[in-house]
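These notes concern the structure reproduced below.
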Amino acid sequence: MLPTVADLLGLDVIHRGSPRVLAGSDRLGARVRWVHVLELADAAHLLQGGEFVLTTGIALPSDPALLARYAADLAAARVSALAVELGRRYVGTLPPVLVRAAADSGLTLIAFEREVPFVEITEAVHAMIIDAQLEELRASERLHEVFTELSVAGASPDEIVRLLRDAEARLAAGRTVTQICQELGISDKTYYHWRKLYAGMSTGELRRLKELEVENLRLKKLVADLSLDNAMLKELAEGNF
């Protein structure tokens, strides 16, 4: 599961920046899909939702109306939070108009009272995201293996549920496993394997395995993309570009 804004605030690298939540403290449970460093006043159209946005504020407008519009646009883009590092554009605190606009629009606003390397934040958070996605991928892979076994056996979820229930009824009537498997047209090994994996499952639960196949493919692509982007961030941090 993706980390939350609260999870990020617990990271050492972020804690060193002395983060202070100025608005949206009730929305710290929002999931973070990605971290973006954006030094643009009109960046909302570049976002897809779920981003933890980092900025020094150097490109933010001085006009109060435009500053309020900036916060509203980020909220409309469904970002997880906006974190502004103090010391470059803003000293001591953020403009009250930005704080009010964030609170009014539902944007979580965080101020870093100390300087913190943004590249270290992105690297740490992306590592968390990759770990979370890998865990989901492992779980999905296990389901993929189960569903592959179903396909290889040539049986649909409906058929497996029906066969297992039929076999249990025949066992209760005094038939042996070997006799039942011969009558049902499956091997003893297949029967025991199915019973171990699927006994007690409903047809709907087995159908869900097939739906998770699609999710498995999505997770594989996402983890690959995250790994590539994280590698590029490391290269940039080391000055290889």
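The values are calculated or read from the model by the stated rules, or taken from the named source; none is laboratory data. Please read all numbers here as calculations on a predicted model, not as lab measurements. Note that we place each Cβ from the backbone using ideal geometry, even for glycine, and neighbour counts take in every protein chain shown.
Anything in the stretch 107-124 that is surrounded by 17 or more Cβ atoms within 10 Å (Cβ to Cβ) and within 21 Å of ARG27 (Cα to Cα)? List them, or say none.
Result: LEU107, THR108, LEU109, ILE110, ALA111, PHE112, ILE121, THR122.
Of the residues that make up the stretch 20-30, is at least one crowded, with 16+ Cβ neighbours inside 10 Å, part of a loop (DSSP other than H, G, I, E, B) and not small (Gly, Ala, Ser)?
So far as the stretch 20-30 goes, yes, one or more of its residues are crowded, with 16+ Cβ neighbours inside 10 Å, part of a loop (DSSP other than H, G, I, E, B) and not small (Gly, Ala, Ser).
Please work out if LEU107 is in contact (Cβ under 8 Å) with a residue 12 or more places away in the chain and either more than 24 Å from SER18 (Cα to Cα) or assigned to a helix (DSSP H, G or I) (or both).
Here the answer is no, as LEU107 does not meet what is asked.
With the checklist (1) among the charged types (D, E, K, R); (2) assigned to a helix (DSSP H, G or I); (3) at pLDDT 95 or above in hand, flag the one item GLU120 doesn't pass.
(3)
Output the residue which, of all residues in the stretch 64-75 that are of a type outside the set (Gly, Ala, Ser) and in contact with a helix residue (DSSP H, G or I) (Cβ under 9 Å, 6 or more places away or on another chain), is farthest from LEU109 (Cα to Cα).
Checked the stretch 64-75; the qualifying residue farthest from LEU109 (Cα to Cα) is PRO64.
Please work out which residue is nearest to HIS36 (Cα to Cα), limiting yourself to the stretch 66-109 and to residues that are over 30 Å from the mean Cα position of the chain (by Cα) and hydroxyl-bearing (Ser, Thr, Tyr).
Applying the filter and picking the extreme gives TYR90.
Residues are listed down the side, and each one gets a yes or a no for (1) in the same structural domain as ARG100 (by TED's automatic domain parsing); (2) free of Cβ contacts under 8 Å to residues at least 40 places away in the same chain; (3) surrounded by fewer than 16 Cβ atoms within 10 Å (Cβ to Cβ):
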site	(1), (2), (3)
ARG16	yes, no, yes
ALA59	yes, yes, yes
LEU66	yes, yes, yes
TYR70	yes, yes, no
ASP73	yes, yes, no
SER80	yes, no, no
